[in-house]
Amino acid sequence: MKRQIPLFITFFVGTLLIFSVFIPPMETWGENFTLFFDIIAVFAFFLGAGNLVRVHVGKLKKRKADWGFSIVTLIGFGFMLFVGLLKIGNPGGIAADVTAPGSWFQEMFNYVINPLQSTMYALLAFFVASASYRAFRAKNREATILLIAAFVILLGRTPLGMLLTAWIPDSLSFFQIPNMAVWIMNSFNLAGQRAILIGISLGVVAMSLRLILGVERTYLGGDDNG
Amino acid sequence: MEHFAIWIAAFLTLGIVSFLYKDNAWYKLCEAIFVGISAGYWFVVLFWDNLHGKFWMGKGEDPMLYVGAILGILMLMRLIPKIGWISRWPLAFIVGATAGFYLINYFSSDVMSQVGSTVMPFFSTGYGSGVNASLYDIIGNIVVAVGTFTGLVYFYFSKEHKGAFGATAKVGIFFLMVTFGASFGYTVMSRMSLLIGRVDFLFGDFLGMIVQ
Amino acid sequence: MDNIGVIISLILIFGGLVALFYGSLKGREVDRRIIFLFIFLAVAAPILFPMTFEEKATQVVKSVFDKVENLPEGSTVLLSFDFDPAMAPEVQPMANAISRHCLEKGHKIIFMSLWATGQALLSQSLSESILPGFPEKQNLVDYVSIGYKAGNEGVPNVIITDIQKMFPTDVNSVPLDSIPIFDNIESCKDLDFIVSFGGGKPGPKEWILFVGDPGGVPIGVGVAAVVAPQMYPYLPDQVIGILGGVKGAAEYESELIRVHPKFADMDTPGLLMMGPQTLAHVVIMAFIVIGNVVFFRGRRREKKE
Amino acid sequence: MTPTRLHIFRVISISTICVLLLASLALSQDEATPTTNLSTEIDTVIIEVAAPTSLIATDHKYDNGERINLQWVPSIDDLPGISTVVGYRIYRQDDGGAAEAIADLPAKANHYRDENTELGHTYIYSVAALTDGAEFVSNPTESISPEREWIDFSKRYLFLIALIVGGAVIYFIEIARRGKKLFVRKIAGLEAVDDAVGRATEMGRPILFIPGIQDMDDVQTLAGLTILGRISKTIADYDTEIFMPVSRSLVMTAGREIIKSSYQTAGRPDKYSDDMVTYITDEQFGYVAAVDGIMVREKPATIFLLGAFFAESLILAETGNYIGAIQIAGTARPAQLPFFIAACDFTLIGEELFAASAYLSGEPKQLGSLKGQDVGKAIAMVILVIGALATTIGTAWNIASMNSLVDILKTIFSTS
């Protein structure tokens, strides 16, 4: 029973949502799902937050490595709950939107989360470079193609690409590297993306059917006590 | 306040960047701050939006809300080991709904429309526009058709990649590799602008070294 | 001072790269931290010591430039600022460059925007970047801003037949009837050239579909880099040329300075932004080369052993 | 030909023919609604403007009865140039009540869709041409009630094709269930999974599993988790350490469920601990910062990156590569694939991510579903070839039969 009911729920809800697309009176059911999901996610958040606190308090108690930083995390988390749930410093008071400009909560976002976010994001510039150094090597035929494509596009994005091929007359401007770069983006890239997208969506169809039909039931975990 | 904020931002920025050299206490501190503050941020935002906003503010408006709430409470049953298995119900609900929702959505937006757009004449810039394409476009059109076809052959599972089929699949890989290489190269510029933004902040707003 | 900085940093970067290349000939791998350092230098140096590289305009950019260059003096051009602050860093530089070019050639300009937030950016561009170089140009005679009107693609759809219907007055409430520029201009069909700067909707695409195609008015577009590949299918019949992202702006600025040395001292945000970009791209390409040299050296050694 | 291949072939050819037949039938019934546009050019100034005419209200087809479409001919004075019409205003009488203005439209407008009607109510509409300070109202419409349709026929082709592909998936699952052997080729990245787990065991270092940064309502996360189900069985058998940091609480719950049951199946429930799956934060880069830290500190031997990834893909993969871990990645987000290809040892490209769990399970039923997917691909390839050739020949030499074939294909596959 413990397994049958969830399998039935999956089957029932899945089938219903598939057909709802074709039945106008049911057309809003998809939205309802999003609503349910949001609510379930908030409840689940209590589990997540509880876990976060438990893990860091555990580290603290056992004096595990770096336990000091756990204190920082716990303080940060608690502080955000404090200023956010009580809407400290919110110009509109408790009734206003929690992210109203000027509230402590939003200031924390602007001055702490925001720089952290954008710096973490900016690390990509470095990793793009180290990945190109290592990955774009002519190890075999596929890697060579990858390398050439990347190199042509990179060249096309700098004045160098134009300088190298500036001697090509305008009537043959296609062969100038920046134009070739654009052409590759419009033809090869489009074709590859299209094949990938078609493949993905067929994969989703089969995957979804396996889930709905109960062929795939890993997500339910084991048979017993659970 | 403004000045103080810039110092904080610079402290955090440099802390994260220091990770590139190696893991260190400064990075660990920034990481701990980041995790604690951002987890709290999202918790609060979700609380006000999804719990307070939906239940207190729009009280009783939509009976569907309570179905959601019941599913949410079932989720919390995990905390009681004896009846923890009930939490599988909302999970099963989400999985079923996701599967059903995605199946048809992906099918219509990706399979149908992508296949539909492969129906393209070789010698024209568009459907129904007569023979008007330049050599540039014609080669492009043929490349798109061949690339899509061979790419699909590559993904085909039911046949070993041998003989003519294998050769076609090879061409497919060739197209995929060009795709990946090209998009990698094309993205470099946008990744660099993120870094330019941060360096601009450090040298400009923080150190005041940029005169403009 | 700046020049010394430029020279020193270039020597550092390229000297370092040569040294690493030399090492790679001996099969020496590069530590990733060295790569990080080079990327940082490549981005930081041009920011600290403004560094520009001459861009040779690609055909798609040059066609727009040539169009403006070759229109007879006194032609009327419409420039539409269809972007918001988020897109501005990429698109505003090219809008400024083309505006200057038009004024320099003695064309009359009608400025407008399809985006509510574009109007503020437009007046910022006018007062801070475009007009200061042309003290002799007169509002309403040489240029006019008719601002923003709600209606999205409906706006181009209407002004293709009648500009006044959508824009009875300019931004300062001067009736269009009394503005000299509009003496011979009733609809978009009377214009000699239209350029739309943007990347979202409504934007360049709407101008092509609602004005360029039905009205036969030449259209040029300036778009954000990610949108650029989507504009190429419209070349060359529906669109004369395309400026894509910061690179497009830099190419235009370069061409402008080359043809009109008078602009040598103007602010060139496109070229400036391309400084770090170009250096970083070159550094990445250098590392790809170095990586391959290391790889082939290693393989040869394996074979020997 | 082997019987299976024959099956696929038959399914494809029969279904393609069915689609084309049905489509041609349906096309012949479709009638285009003529758009009326009677703008006339008059060069005189009229102070009083004519009201809009020919206002017609029709029920919006294939909805739940909440929409009514209006169409009219704009005021003949709504002209380019000197017109004084500044816009139109829509009035609505609900169940015989007073007329209420429900919308203002710009000049030249000739249609409107009221998306706020209720089933069982009767409405009467009128449209007014607006000038500066005056309104000129059209004749009202007949009273109309929105209708509810039970089946959305505009999506009939979507339904049909989905039915064929979905049917093929189910058909092959059923065939496999009956014990027929089905061939599925090897998938490179998946052959490496066992080795990767084994490596971590040998080295005595943990395995890191990252299920992407999306929640359970993304099918890629579900794919990642089902693969986790297979991997964690091997892990439990080998008694290797696994660690799974997540950025969503629901994924944490599901991940625990899955790993726990694997340990139970392996007969080592005591080895399982909830600490194997930890929630970090919902914030994208906060999560990345923490996972990067975990990587350099715990030095896992093997890293799985399977799920929905965004910009963080390369940050994670490069850090993983730096610490020398074997990395197996997979995502269905095309924009991130190049980065995984560059930085990981094996990458499951798009579709392969979804195929992976079926493939790893080794169950015939699951493998059968992959066959069904191939039917979809085969249809796509057939349409691509037929479509490209027909439209090329059709446009180049203007052959009517080719053009109508193309029209049929375009109609079937248009989703709007």
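Name the residue, out of C:Leu122, C:Leu114, that is under 16 Å from C:Val155 (Cα atoms), of a type in the set (A, V, I, L, M), crowded, with 24+ Cβ neighbours inside 10 Å and modelled with pLDDT of 90 or more. Break it down stepwise before answering.
Values: C:Leu122 fails: under 16 Å from C:Val155 (Cα atoms).
So the residue among C:Leu122, C:Leu114 that is under 16 Å from C:Val155 (Cα atoms), of a type in the set (A, V, I, L, M), crowded, with 24+ Cβ neighbours inside 10 Å and modelled with pLDDT of 90 or more is C:Leu114.
Please determine whether any residue of region A:100-110 is surrounded by fewer than 22 Cβ atoms within 10 Å (Cβ to Cβ), more than 28 Å from D:Glu318 (Cα to Cα) and facing another protein chain (nearest Cβ under 7 Å).
So far as region A:100-110 goes, yes, one or more of its residues are surrounded by fewer than 22 Cβ atoms within 10 Å (Cβ to Cβ), more than 28 Å from D:Glu318 (Cα to Cα) and facing another protein chain (nearest Cβ under 7 Å).
Taking D:Tyr287 as the residue in question, decide whether it is touching a residue at least 12 places away in the same chain (Cβ under 8 Å), over 26 Å from B:Gly96 (Cβ atoms) and surrounded by fewer than 24 Cβ atoms within 10 Å (Cβ to Cβ).
Values: touching a residue at least 12 places away in the same chain (Cβ under 8 Å): yes; over 26 Å from B:Gly96 (Cβ atoms): yes; surrounded by fewer than 24 Cβ atoms within 10 Å (Cβ to Cβ): no.
So D:Tyr287 fails the test.
Only one residue in A:Ser132, A:Ser201, A:Ser208, A:Ser173 is in a helix (DSSP H, G or I) and closer than 19 Å to B:Ser190 by Cβ. Which one? Walk me through how you get there before you give the answer.
Values: A:Ser201 fails: closer than 19 Å to B:Ser190 by Cβ; A:Ser208 fails: closer than 19 Å to B:Ser190 by Cβ; A:Ser173 fails: closer than 19 Å to B:Ser190 by Cβ.
Result: A:Ser132 is the single residue among A:Ser132, A:Ser201, A:Ser208, A:Ser173 that is in a helix (DSSP H, G or I) and closer than 19 Å to B:Ser190 by Cβ.
Does region B:153-193 hold any residues that are within 19 Å of the chain's Cα centre (by Cα) and either more than 7 Å from chain A (Cβ to nearest Cβ) or surrounded by fewer than 17 Cβ atoms within 10 Å (Cβ to Cβ) (or both), and which are they?
Answer for region B:153-193, where residues must be within 19 Å of the chain's Cα centre (by Cα) and either more than 7 Å from chain A (Cβ to nearest Cβ) or surrounded by fewer than 17 Cβ atoms within 10 Å (Cβ to Cβ) (or both): B:Thr187, B:Ser190.
Suppose the filter is without any contact (Cβ under 8 Å) to a residue 24 or more places away in the chain and closer than 25 Å to C:Met87 by Cβ; does C:Pro233 pass it?
Numbers: without any contact (Cβ under 8 Å) to a residue 24 or more places away in the chain: yes; closer than 25 Å to C:Met87 by Cβ: yes.
So C:Pro233 fits the description; yes.
Which condition breaks for C:Leu20 when tested against (1) buried (at least 19 other Cβ atoms within 10 Å of the Cβ); (2) part of a loop (DSSP other than H, G, I, E, B)?
Going through the list (1) buried (at least 19 other Cβ atoms within 10 Å of the Cβ); (2) part of a loop (DSSP other than H, G, I, E, B), C:Leu20 breaks only (2).
Can you name the condition, by its number, that A:Arg141 falls short on among (1) at the interface with another protein chain (Cβ under 7 Å from one of its Cβ atoms); (2) without any contact (Cβ under 8 Å) to a residue 12 or more places away in the chain?
It fails just one condition, (1).
Given the criterion among the hydrophobic types (A, V, I, L, M, F, W, C), more than 7 Å from chain B (Cβ to nearest Cβ) and closer than 30 Å to B:Phe107 by Cβ, identify the matching residue among A:Val215, A:Val152, A:Val204, A:Val182.
Values: A:Val152 fails: closer than 30 Å to B:Phe107 by Cβ; A:Val204 fails: more than 7 Å from chain B (Cβ to nearest Cβ); A:Val182 fails: closer than 30 Å to B:Phe107 by Cβ.
The unique qualifying residue is A:Val215.
Any idea which residue in region D:302-314 is nearest to the chain's Cα centre (by Cα), counting only those that are surrounded by 24 or more Cβ atoms within 10 Å (Cβ to Cβ) and among the hydrophobic types (A, V, I, L, M, F, W, C)? Give the derivation first.
Quick first cut of region D:302-314, residues surrounded by 24 or more Cβ atoms within 10 Å (Cβ to Cβ) only: D:302-307, D:309, D:312-314.
Right, trim to among the hydrophobic types (A, V, I, L, M, F, W, C) and you get D:303-306, D:309, D:314.
Values: D:Ile303: 29, D:Phe304: 25, D:Leu305: 22, D:Leu306: 19, D:Phe309: 17, D:Leu314: 25 Å.
Within region D:302-314, the match that is nearest to the chain's Cα centre (by Cα) is D:Phe309.
Check D:Ala400 against each of (1) without any contact (Cβ under 8 Å) to a residue 40 or more places away in the chain; (2) within 21 Å of D:Gln284 (Cβ to Cβ) and name the one condition it does not meet.
All conditions pass for D:Ala400, except number (2).
Go through region C:14-68 residue by residue and tally those that are among the acidic types (Asp, Glu), closer than 20 Å to C:Asn292 by Cα and in contact (Cβ under 8 Å) with a residue 24 or more places away in the chain. Show your work before the answer.
Within region C:14-68, the subset among the acidic types (Asp, Glu) is C:29, C:31, C:54-55, C:66.
From what is left, the residues that are closer than 20 Å to C:Asn292 by Cα are C:29, C:31.
From the residues that got through so far, the ones that are in contact (Cβ under 8 Å) with a residue 24 or more places away in the chain too are C:29.
Going through region C:14-68 one residue at a time, the tally reaches 1.
Quick one: count up the residues across region D:260-293 that are more than 8 Å from chain A (Cβ to nearest Cβ), in contact with a Pro (Cβ under 6 Å, 6 or more places away or on another chain) and closer than 25 Å to A:Asn114 by Cβ.
So the answer is 1.
What are the residue pairs meeting all of these: first residue in region C:274-287, first residue more than 7 Å from every other protein chain (Cβ to nearest Cβ), second residue outside any helix (DSSP H, G or I), Cβ atoms under 6 Å, and 6 or more apart or on different chains?
C:Gly275/C:Met51; C:Gly275/C:Thr52
Is it the case that B:Gly140 is among the small types (Gly, Ala, Ser), surrounded by 19 or more Cβ atoms within 10 Å (Cβ to Cβ) and either assigned to a helix (DSSP H, G or I) or within 23 Å of the chain's Cα centre (by Cα) (or both)? Show your work before the answer.
Values: among the small types (Gly, Ala, Ser): yes; surrounded by 19 or more Cβ atoms within 10 Å (Cβ to Cβ): yes; either assigned to a helix (DSSP H, G or I) or within 23 Å of the chain's Cα centre (by Cα) (or both): yes.
When the stated conditions are applied, B:Gly140 passes them.
In this structure, does C:Gln92 turn out to be closer than 19 Å to C:Gly200 by Cβ, at pLDDT 90 or above and in a helix (DSSP H, G or I)?
Criteria met by C:Gln92.
Does A:Leu85 qualify as being within 8 Å of chain B (Cβ to nearest Cβ) and either crowded, with 18+ Cβ neighbours inside 10 Å or closer than 29 Å to D:Val277 by Cα (or both)? Lay out the reasoning, then the answer.
Numbers: within 8 Å of chain B (Cβ to nearest Cβ): yes; either crowded, with 18+ Cβ neighbours inside 10 Å or closer than 29 Å to D:Val277 by Cα (or both): yes.
Yes, satisfied.
For the structure I just gave you, tell me whether B:Ala5 is facing chain A (nearest Cβ under 8 Å) and surrounded by fewer than 18 Cβ atoms within 10 Å (Cβ to Cβ). Steps first, please.
Values: facing chain A (nearest Cβ under 8 Å): yes; surrounded by fewer than 18 Cβ atoms within 10 Å (Cβ to Cβ): yes.
Criteria met by B:Ala5.
Among the strands (runs of 3 or more DSSP E) lying completely within region C:107-208, list those that include at least 3 residues that are touching a residue at least 12 places away in the same chain (Cβ under 8 Å) and under 20 Å from the mean Cα position of the chain (by Cα). Reasoning before the result, please.
Numbers: elements: C:108-113, C:143-148, C:193-198.
It comes to C:108-113, C:193-198.
Spot the failing condition for B:Thr98; the list is (1) more than 7 Å from chain A (Cβ to nearest Cβ); (2) farther than 30 Å from A:Ala195 by Cα, and only one is missed.
For B:Thr98, the exception is condition (2).
Looking only at region D:300-328, filter to residues that are without any contact (Cβ under 8 Å) to a residue 60 or more places away in the chain and of a type in the set (A, V, I, L, M, F, W, C); which one of those is farthest from D:Gln373 (Cα to Cα)?
Once the filter is applied, the top-ranked residue is D:Ile323.
With D:Leu348, D:Leu337 as the choices, which residue is at the interface with another protein chain (Cβ under 9 Å from one of its Cβ atoms), touching a residue at least 12 places away in the same chain (Cβ under 8 Å) and buried (at least 24 other Cβ atoms within 10 Å of the Cβ)? Spell out the reasoning first.
On the way: D:Leu348 fails: at the interface with another protein chain (Cβ under 9 Å from one of its Cβ atoms).
None of the other options fit; the residue is D:Leu337.
Look through D:Gly120, D:Gly87 and report the one residue that is at pLDDT below 90 and out of contact with any Asp or Glu (no Cβ under 8 Å at 6 or more places or on another chain).
Numbers: D:Gly87 fails: out of contact with any Asp or Glu (no Cβ under 8 Å at 6 or more places or on another chain).
Exactly one residue qualifies, and that residue is D:Gly120.
Using the structure shown, decide if B:Thr13 is in contact (Cβ under 8 Å) with a residue 12 or more places away in the chain, among the β-branched types (Val, Ile, Thr) and at the interface with another protein chain (Cβ under 7 Å from one of its Cβ atoms).
On the way: in contact (Cβ under 8 Å) with a residue 12 or more places away in the chain: yes; among the β-branched types (Val, Ile, Thr): yes; at the interface with another protein chain (Cβ under 7 Å from one of its Cβ atoms): yes.
Yes; evaluated as a whole, the condition is true for this residue.
What are the residues in region D:249-267 that are over 21 Å from A:Val42 (Cβ atoms) and out of contact with any helix residue (DSSP H, G or I) (no Cβ under 6 Å at 6 or more places or on another chain), if any? Break it down stepwise before answering.
In the first step, residues of region D:249-267 are kept if they are over 21 Å from A:Val42 (Cβ atoms); the result is D:258-267.
Scanning region D:249-267 gives D:Lys260, D:Ser261, D:Gln264, D:Thr265, D:Gly267.
The values are calculated or read from the model by the stated rules, or taken from the named source; none is laboratory data. Remember, predicted model here, so these are calculated numbers, not experimental data. For neighbour counting, all protein chains shown are included, and Cβ atoms are generated from backbone atoms with ideal geometry for every residue, glycine included.
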